[in-house]
Amino acid sequence: MTDDLKTNPEADLELEGFFQQARQDTPVPSADLLSRIASDAAMTQAKFAKEIPQAPDRRMSWWAQFFEDIGGLPALGGLTACACVGVYLGFVNPEFATTWAGWQEDVEADGVMSHALLGDVYWIEEG
Amino acid sequence: MALDQSDQLDDDALIVLFANGDSAAAEALTLRLSPLALSFARRMLGDLAEAEDVVQEAMLRLWRIAPDWRTGEAKPATWLYRVVNNLCIDRIRKRNRVNVGLDDMAEPPDPTPSVEIQMIRSDRMAALDVALASLPDRQRQAVVLRHIEELSNPEIAQVMNISVEAVESLTARGKRTLAKVLTSQKEELSS
């Protein structure tokens, strides 16, 4: 491979002169070639237009539009589930629905008492 | 898209625009890519009319592939060189088959002027074309792409579907042969 790549610098220089001239001697596409290429491009593009499926012209009623806007069937499922849970809680009136609120009030009352007591304790120690 | 805006867009973007029906993109791509393809095809085939047919076919293939074009992969120019390269090889092979079939017939007079006459006319380019034509196909491809079209070795490797090392070897061997042929032409002229 290395033997393959050996070159003669003098010959390279002379060749480079030929290459340089060749790079400037680039052919310009004729008007006929450009028009043939443009015609092929137009024909190919016309085929693309036929291949692209046209979206059907849909006119939706206001409720169908609303249904689609809120998220369609998955959103409707979520809303139905929430409504069912609400009805269930309303009828059954489970204990946790009332006791949970009562427990929170107790905690808040304890906190208030604790702070008041702590203030008294400090006052007694300082006094 | 207006044609003057196309200068700011790369070839990938123009292909996408073309696929979306923009006719100005086709014009911009044609003006940008067809001279490169024509220059390479002419050096490979040594015949401008035949080179123009090859370029038209190559550009048609580009138009057809546009909707499926994957941006960010091969550069459109490299892809086009590859198509032109393959089309030229097909044509050269066909020519060779026809020439083999005609071997039995009486040889017609060579229409191309001799190397001596070409050199006397100081037509260095004609001499280069003759010297390039004497190279094996793959050496000619590698030398033309490297030294006339100024592609990098990795790009030539993509075009020719070979390794970079093979490109380096083909280019070096091609240049050595070219130098020998051109030197012998010079000696013929000076004697």
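For region B:42-52, name all the residues that are touching a Leu at 6+ places or on another chain (Cβ under 9 Å) and over 18 Å from A:GLN24 (Cβ atoms).
B:MET44, B:GLY46, B:GLU52
Yes/no matrix, rows are residues, columns are (1) surrounded by fewer than 17 Cβ atoms within 10 Å (Cβ to Cβ); (2) touching a His at 6+ places or on another chain (Cβ under 7 Å); (3) hydroxyl-bearing (Ser, Thr, Tyr); (4) more than 8 Å from every other protein chain (Cβ to nearest Cβ):
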| residue | (1), (2), (3), (4) |
| --- | --- |
| B:ASP7 | yes, no, no, yes |
| B:ASP12 | yes, no, no, yes |
| B:LEU33 | no, no, no, yes |
| B:LEU38 | no, no, no, no |
| B:ARG42 | no, no, no, no |
| B:VAL55 | no, no, no, no |
| B:LEU60 | no, no, no, no |
| B:TRP63 | no, no, no, no |
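Among the residues of region B:121-180 satisfying the criterion of being within 9 Å of another protein chain (Cβ to nearest Cβ) and part of a loop (DSSP other than H, G, I, E, B), which is farthest from A:ASP25 (Cα to Cα)?
B:GLU150
Within 19 Å of B:VAL159 (Cβ to Cβ), modelled with pLDDT under 95, over 14 Å from the mean Cα position of the chain (by Cα) and small (Gly, Ala, Ser), is that true of B:ALA13?
Judged against the criteria, B:ALA13 is not a match.
Return the residues of region B:14-28 that are facing another protein chain (nearest Cβ under 8 Å), on the phi < 0 side of the Ramachandran plot and either crowded, with 16+ Cβ neighbours inside 10 Å or assigned to a loop (DSSP other than H, G, I, E, B) (or both); say none if nothing qualifies.
Listed by number, the residues that qualify are B:PHE18, B:ALA19, B:ALA26, B:GLU27.
The values are calculated or read from the model by the stated rules, or taken from the named source; none is laboratory data. If you're wondering where the values come from, they're calculated on a predicted model, not measured in any experiment. Ideal geometry is used to build each Cβ from the backbone, glycine not excepted, and the neighbour counts take in all protein chains shown.
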